[in-house]
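Trainee: Below is a structure I'd like to ask you about.
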Amino acid sequence: MTPTHLEAKAAEHGLGDCLTRYRRRPGAVGTFFAFAPLAGALALGVREGDMTGALAIVLFLWPPLFLWWCISTRKRLDGGLYVFTGGFADVHGRKVQCVVTWPMIRSVKYRTRSLWAGLIPVASTARCVVELRNFQKIELDGSYRKLRQLAEDLHGHI
């Protein structure tokens, strides 16, 4: 289902019907910082033997961080990249980041990089770069689910 604010923007740019939506993943770094104070408070309480400091961290420091994480994660997951018959739109929460029609796209490139420790793959990153005719670039990172499929879908429309 396409949000109403996006439908209005899509109609304004003549994008047509929505074909599919590519969702985003929750961010790993934000999740770490949201829950790190809990682990730190537990470690502090166990190490010091006094749970007063740990309780203060949990009651006063953690709730604002956790609330910020919940709000930013909700915005991230509510958005995504919507592919229409006439182009695509990148949405973050209720804000439409960009609207691109198919004739505006010059090329779509998908790249992966892997980090190896000897013969063992340790990490990999993926990036999809959409180059526009006015020489601007839109970079879509690995936070989108099925990024390879997204890149193939975008490449198939140009």
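Trainee: Yes or no: THR20 more than 29 Å from SER124 (Cα to Cα), in contact (Cβ under 8 Å) with a residue 60 or more places away in the chain and touching a Phe, Trp or Tyr at 6+ places or on another chain (Cβ under 9 Å)?
Mentor: no
Trainee: Surrounded by fewer than 14 Cβ atoms within 10 Å (Cβ to Cβ) and either touching a residue at least 24 places away in the same chain (Cβ under 8 Å) or under 23 Å from GLY27 (Cβ atoms) (or both): does that describe ILE158?
Mentor: Considered against the rule, which asks whether it is surrounded by fewer than 14 Cβ atoms within 10 Å (Cβ to Cβ) and either touching a residue at least 24 places away in the same chain (Cβ under 8 Å) or under 23 Å from GLY27 (Cβ atoms) (or both), ILE158 comes out as yes.
Trainee: Something else now. Give the number of residues within the range 71-93 that are part of a helix (DSSP H, G or I), in contact (Cβ under 8 Å) with a residue 12 or more places away in the chain and not charged (D, E, K, R).
Mentor: Selection size over the range 71-93: 3.
Trainee: In the range 100-123, is there at least one residue being assigned to a strand (DSSP E or B) and on the phi > 0 side of the Ramachandran plot?
Mentor: No: zero hits.
Quick note: the coordinates plus some simple rules give every number you see, no bench work behind them. Keep in mind that this is a model prediction, so the values were computed, not measured. Positions of Cβ are backbone-derived with ideal geometry, glycine not excepted, and every protein chain shown enters the neighbour counts.
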